[in-house]
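A quick write-up on the structure given underneath.
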Amino acid sequence: MDLFSSIEIPNSARQRVDELTRLIDHYNHAYYMEDTSLVSDFEFDALLRELINLEWQYPDLALPTSPTRRVGGEVNKTFRQVSHRFPMLSLGNTYSIEEIEDFEARTRKLLEDTPFTYTCELKYDGVAIALTYKAGQLVQALTRGNGSVGDDITSNARTIPTIPLQLKGHYPPDFEVRGEVVYPFEAFEAFNRQREADGEEPLANPRNAASGSLKLQDSAQCAKRKLQFCPYFLMLPSPSGDDSLNTHSDRIEALQQMGFRVLPYMLECHNIDEIKEYIAYWDIHRWDLPFATDGIVIKVNQTLLWERLGNTAKSPRWAIAFKFKAARVSTPLLSIDYQVGRTGIVTPVANMQPVPLGGTIVRRATLVNADNIAALGIHEGDHLFVEKGGEIIPKIVGVDVSQRLPSAAPVQFPDCCPVCGTPLLRAEGEAGLYCPNQDGCTPQILGRLEHFVGRKAMDIETLGPERIRLIYDAGLLHNVADFYDLRYEQLLALPTLQEKSASAIISSIQASTQVPFPRLLFALGIRYVGEVGAKKLARHFHDIDTLMAASVDELAAVEDVGNVTAAAIHDYFQQSLHRDIIQRLRNAGMQMQIPDSEMSAATLKGLTFVVSGVFSRFTRDGIKESVEQHGGRISSSLSAKTSYLLAGEKPGPEKVRKAESLGIPILSEEEYINLI
Ligand code: IVH
């Protein structure tokens, strides 16, 4: 039964929802389209929360175009594959100005005496998507996919503020807009900083990050990414039936009127010289833009001529892309730093003679690992070729051998840890060398301490890298158990720490004793044990003692735990120092087990479930986890012992048939939620 169907909606609620929607849309528009902030974050959040509450209370008032949709929350385990109404072609592209001249001459010849112009615009370096609007509302967003079939990423696209959910002014009843989703540098860098703080590898470039964001299963996560949409194409029939929409530039202008954010960089050009000028300008100034571009796109502006020019198999003849060459310089290598990370991996970083490259001065770049240095054949003092492509991180791509001095010797990767002197080892199958002195090598200790307090671990916000270093240098901190022995007076005695900070640190450390067991397990920083692995281990073994006593085989029996990880966990708990740390953490009152109440909130005890289909409120793993959390068992195949087939949308027909024939009840997602 629909719980709310009988609730009448008071007029006051209806009016307030309208009012809030209008206000929030207005503030959003000012913020994302005009870069002006009309209210404080606090006020804005209060309005949004009020609207979320009202829509929750009266679901009939929650429209698909409501600004609350931008917060996300829909979960997609898999993305539906959908055919494009019109194939998404790509563009012919070239790095050569001569080929642009050929394109221009060819186009002029094909169009003979017809007067026409070109538009030049930026080629955004992101992910192409196609948006469908019906009656002014966003109804679908597809990725390009293979050009014919793409992934339905509508719930993620809804979270991008520069994609209007409801259009303004005049718009065709049913049409498609295409454009590129980009990850602006500033947001991308902040995202990477957060990843590093969480102990994750930073992503190489904004394009990959944008692409990964659109494929996130949880749209609420996508909402946090601050992506931007740059429209470059309004698809209309030709002729469009509206004379004001028969040039590409007018169409883009029309998109702006409808509420899209259109950047002011498009230029109408009349001849090859103007096109060349545009290219030359952006080849230099692209580095001043807040997002990545990898070239420029030249289009015939008059859309009525597009049909005359036609398409090749893959791309239209009325457009071409000029791609910028990656900016490249050569600069002498001055020295190499060997940095030791939390896990002991030694990363070589080149210090080079500072040199301007693509808008910034490059001084340092990673040399990745010993194998890479050998593959590039780097010798002492070599001139290195450094490139900067669409990404912002410069890359060392080669050596200018012609500049090498005859006396130069090949770079020797150190045999011993540059910090503690321990001989380095190579882990089987890995390209990097590592220092095995886990508990005596300062950067490894500091790295582990920082990991322990991290957001996804113990989340001790008052402790950042500088404070940890300060306390470590004072000799008060050797391993993670020492956090819980720190006293207020000890902190106060340290330079730069005032009373307020000292007491905040002590109380946040104290508060962290309540952090649940799986996060504590992750916080320990056991090799190869990530956030998800820690959860699985905690749930499987229930408490630290059982986990510590487990054999390698027992560990490897846990879902997603391979032999290497199992051996690393086993090895970790064999070491007396680690056993001592665990004992001290236990004495400090940390959570060393999953509470029984959670383990056997045993509503589903004794029941076995088979899961099939797609769920709206859970990912597939999420619903399995939920069953287990409530004491139920998951099985992959149906048998007479199965209690329920838990079926989401589109369950496997075989499974449904078998369940019916065995007389096993089929449970919908709603029914399951009621059950728990
Ligand atoms: S027009 C039918 N304009 O580049 C032509 N594409 O190699 C439609 N791109 O798949 C494309 N910026 O993802 C066009 N200003 C721009 C663009 C642009 C980036 C991407 C787009 C396309 C690829 C072509």
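Can you confirm whether TYR118 is more than 18 Å from the chain's Cα centre (by Cα), among the aromatic types (Phe, Trp, Tyr) and modelled with pLDDT of 95 or more? Answer is yes for this residue. In region 346-396, of all residues being β-branched (Val, Ile, Thr) and surrounded by fewer than 18 Cβ atoms within 10 Å (Cβ to Cβ), the one that is farthest from CYS417 (Cα to Cα) corresponds to THR360.
Going by what's in this entry, would THR496 be described as without any contact (Cβ under 8 Å) to a residue 60 or more places away in the chain, part of a loop (DSSP other than H, G, I, E, B) and over 21 Å from ARG519 (Cβ atoms)? So THR496 fits the description; yes.
Quick one: in region 161-202, which of the residues that are within 16 Å of the ligand (Cβ to nearest atom) and hydrophobic (A, V, I, L, M, F, W, C) is nearest to TRP287 (Cα to Cα)? Filtering region 161-202 for residues that are within 16 Å of the ligand (Cβ to nearest atom) and hydrophobic (A, V, I, L, M, F, W, C), the one nearest to TRP287 (Cα to Cα) comes out as VAL182.
Just for helices (runs of 4 or more DSSP H) wholly inside region 523-623: which have at least 1 residues that are within 25 Å of ARG342 (Cβ to Cβ)? Don't jump to the end; show me each part of the working.
On the way: elements: 531-541, 544-549, 552-556, 563-574, 576-587, 596-599.
In region 523-623, the matching helices (runs of 4 or more DSSP H) lie at 531-541, 544-549, 552-556, 563-574, 576-587.
Restricted to region 121-142, and to residues there that are more than 16 Å from the ligand (Cβ to nearest atom) and not in a strand (DSSP E or B), the residue that is farthest from the chain's Cα centre (by Cα) is ALA135.
Condition first: of a type outside the set (A, V, I, L, M) and crowded, with 16+ Cβ neighbours inside 10 Å. Now tell me which residues in region 491-524 satisfy that. Before the answer, list the steps.
Filtering region 491-524 for residues of a type outside the set (A, V, I, L, M) gives 495-496, 498-501, 503, 507-508, 510, 512-514, 516-519, 522.
Residues satisfying the conditions are SER508, SER512, PHE517, PRO518, ARG519, PHE522.
Kindly indicate whether LEU289 is touching a Leu at 6+ places or on another chain (Cβ under 6 Å) and of a type in the set (A, V, I, L, M, F, W, C). Here the answer is no, as LEU289 does not meet what is asked. Within region 279-292, count every residue that is surrounded by 20 or more Cβ atoms within 10 Å (Cβ to Cβ) and farther than 22 Å from GLU104 by Cα. So the answer is 3.
Taking residues in region 414-428 that are closer than 15 Å to ILE445 by Cβ, and partners anywhere that are of a type outside the set (A, V, I, L, M, F, W, C) and assigned to a loop (DSSP other than H, G, I, E, B), the pairs with Cβ atoms closer than 7 Å and at least 6 places apart or on different chains are CYS417/ASN437; CYS420/ASN437; CYS420/GLY440; THR422/PRO436; THR422/ASN437. Of the residues that make up region 71-87, is at least one within 16 Å of the ligand (Cβ to nearest atom), out of contact with any strand residue (DSSP E or B) (no Cβ under 7 Å at 6 or more places or on another chain) and not in a loop (DSSP other than H, G, I, E, B)? No, because not a single residue in region 71-87 is within 16 Å of the ligand (Cβ to nearest atom), out of contact with any strand residue (DSSP E or B) (no Cβ under 7 Å at 6 or more places or on another chain) and not in a loop (DSSP other than H, G, I, E, B). Tell me, please, whether a residue that is part of a loop (DSSP other than H, G, I, E, B), hydrophobic (A, V, I, L, M, F, W, C), within 16 Å of the ligand (Cβ to nearest atom) and under 25 Å from LEU203 (Cβ atoms) can be found in region 377-397. Checking region 377-397: not a single residue is part of a loop (DSSP other than H, G, I, E, B), hydrophobic (A, V, I, L, M, F, W, C), within 16 Å of the ligand (Cβ to nearest atom) and under 25 Å from LEU203 (Cβ atoms). Residues that are outside any helix (DSSP H, G or I), within 16 Å of the ligand (Cβ to nearest atom) and closer than 15 Å to LYS299 by Cα within region 223-254 comprise PRO231, TYR232, PHE233, LEU234, MET235, THR247, listed in sequence order.
The values are calculated or read from the model by the stated rules, or taken from the named source; none is laboratory data. Predicted, not measured: the structure shown is a model, and the values here were computed from it. All Cβ positions, even for glycine, are placed from backbone atoms using ideal geometry, and neighbour counts span all protein chains on display.
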